[in-house]
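A quick write-up on the structure given underneath.
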Amino acid sequence: MKLRTNVPKSFAPFSQTVHPDLKEECGVCGVYAHRQSAHLVYLGLTALQHRGQESAGIVSFNGKMNRHVGMGLVFDVFKEEHFKFLKGRSAIGHVRYSTTGSSVLKNAQPILVTTHYGQVAVGHNGNFTNADTLRKELESSGAIFQTTTDSEVILHLIARSKEKTLPEAIVSALKKVEGAYSLLFASDRNSHGRQESMMIAVRDPMGFRPLILGRIGSSWAIASETCAFDLIGAKTVREIEPGEMIVIEGSQTFRSVPISKPLGRTAFCIFEFIYFARPDSKIFGKSVYEVRRELGRQLAREAPPPRGVDCVVAVPDSSVLAAMGYAEEVQLPYELGFIRSHYVGRTFIEPSKPMRDFQARIKYNPISENLRGKKVVLIDDSIVRGTTSKKLIRLLRSTGVKEIHMRISSPPITGSCFYGIDTPNKSELIASSHSVEGIRKFLKVESLKYLSIPGLLKSARGTTSKYCTGCFSGNYPTRLLDLEKSSKC
């Protein structure tokens, strides 16, 4: 396979806005028993780029484990020359946005270590809620940490295990951790003169984060979302079940190992549907596209527009499908209100304070001809701090719109996420301290309404025993332990 280095950075069947307040989580991708494994993982990571834009990395393995990681986007981290040493018939990769640990190269994943089980690499999507306690216990008994991530904790627990095999050691280690994890391991060791390699995927008992098993011919693939499979030509086999470990040691079959007893409930992150997952993915057994569009329809049923509204517009790109569903339900035209730049980097030099809307305008430019003199319904997927929304509304006002009626396709965010999404502290969440009317006044819009929690669950065809709605309801499905003492509460 020839590595394409001229693919534009905006490449994706459906672009995904980088939300300024809800930082991306992480994404993992792995390919087992394929001669172009590292190249395929690279392509899979580009499809998962929306899940993390801070760093990227790949570990290849088959006789020798090789690792390359770097800060930035996948296209920036990997060049053609890197694949000359990323050899092997298997590879795992990771894209990251930090939810624990700082944004530095040493925290880039996959992390690669040497243990008595051989070399072991891991990529992690999620967050261990008792990581601080475990880290202190390990350090007090002599452990030396090389990173500040919670992901390294699991490797120390594995390295200290007395179990005979790596899969058994992983199960033993996971009995000590709490919280959210979709983990992808790679291992290579020489046993009795025979090289043994395996890829292991594990999902926490509540299934907070998605993790999918796929097939490429006779090879295996693992990814956080099915959109990665579409790009590399893999077919979805099934989702890895909550509390399940998949062990792949050959191209013919795999072993399924339970890591815990059934809990009688799950806690799928419902924000995956609202914002994080790509709309061309299928996760938690459902099409993200269909759920996101239904969010808009349900929002229209609960919060229809006032009389005289001319059109529906969206904050691109993650709100487009909800806006289309809303417009369809109320039989109003859907209009393109903003053009979003797909070529803006994460950092730029900010001009003087008088240009207060520069940060918004550099990414979003309103189409004055479409909006001037109109009464509009503005659809967004969420309001976090409210500062970005306020800037966008000022931009809309500058076009000469008559009225702005804002509708949000999720409930008010009143609490932080502790399971792998880097939301701000609770004190910074506008809905934690303001009523809906207070937020409306802050944003200076004619009306503001949110989707209800029952409406959200109805759109995703589930209940509170299926989905985690902690950031909306304050009802978290696990103990928070260390995090209850942290500044995130």
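The values are calculated or read from the model by the stated rules, or taken from the named source; none is laboratory data. Note that this is a predicted model, so its numbers are computed, not measured. Note that we place each Cβ from the backbone using ideal geometry, even for glycine, and neighbour counts take in every protein chain shown. For accessibility, only protein heavy atoms count, side chains too; no ligands or nucleic acids. Shrake-Rupley method; radii C 1.70, N 1.55, O 1.52, S 1.80 Å.
Please specify each residue of the range 370-391 satisfying the condition of being surrounded by fewer than 24 Cβ atoms within 10 Å (Cβ to Cβ) and more than 15 Å from Glu335 (Cα to Cα).
Answer for the range 370-391, where residues must be surrounded by fewer than 24 Cβ atoms within 10 Å (Cβ to Cβ) and more than 15 Å from Glu335 (Cα to Cα): Val384, Arg385, Gly386, Thr387, Thr388, Lys390, Lys391.
Any residue in the range 94-116 that is more than 13 Å from Arg51 (Cβ to Cβ) and modelled with pLDDT of 95 or more sitting within a Cβ distance under 6 Å of a residue that is among the basic types (Lys, Arg) and surrounded by 15 or more Cβ atoms within 10 Å (Cβ to Cβ)? List the pairs, counting only those 6 or more apart or interchain.
From the range 94-116, the pairs are Leu112/Arg67.
Go through Ala277, Ala314 for me and flag whichever is touching a Leu at 6+ places or on another chain (Cβ under 8 Å), on the phi < 0 side of the Ramachandran plot and modelled with pLDDT of 95 or more.
Ala314
Restricting to the range 398-433, name every residue that is open to solvent by 20 Å² or more (accessible area, probe 1.4 Å) and either among the charged types (D, E, K, R) or closer than 25 Å to Arg301 by Cβ (or both).
Within the range 398-433, Lys402, Glu403, Pro412, Thr414, Asp422, Lys426, Glu428 meet the criteria.
Can you tell me how many residues within the range 128-152 are open to solvent by less than 70 Å² (accessible area, probe 1.4 Å), more than 21 Å from Glu244 (Cβ to Cβ) and not in a loop (DSSP other than H, G, I, E, B)?
Looking only at that region, the number is 6.
So Leu157 ticks every box in (1) assigned to a loop (DSSP other than H, G, I, E, B); (2) under 23 Å from Leu263 (Cβ atoms) but one. Which box is left unticked?
So Leu157 meets the others, but not (1).
Taking interchain pairs and intrachain pairs at least six residues apart, which have beta carbon atoms under 7 angstrom, with the first residue in the range 169-180 and within 17 Å of Ile246 (Cα to Cα) and the second open to solvent by 30 Å² or more (accessible area, probe 1.4 Å) and at pLDDT 95 or above?
Between residues of the range 169-180 that are within 17 Å of Ile246 (Cα to Cα) and residues that are open to solvent by 30 Å² or more (accessible area, probe 1.4 Å) and at pLDDT 95 or above, the close pairs are Ala169/Glu163; Val171/Val257; Ser172/Glu163.
Condition first: in contact (Cβ under 8 Å) with a residue 60 or more places away in the chain and crowded, with 24+ Cβ neighbours inside 10 Å. Now tell me which residues in the range 47-56 satisfy that.
Matches in the range 47-56: Ala47, Leu48, His50, Arg51.
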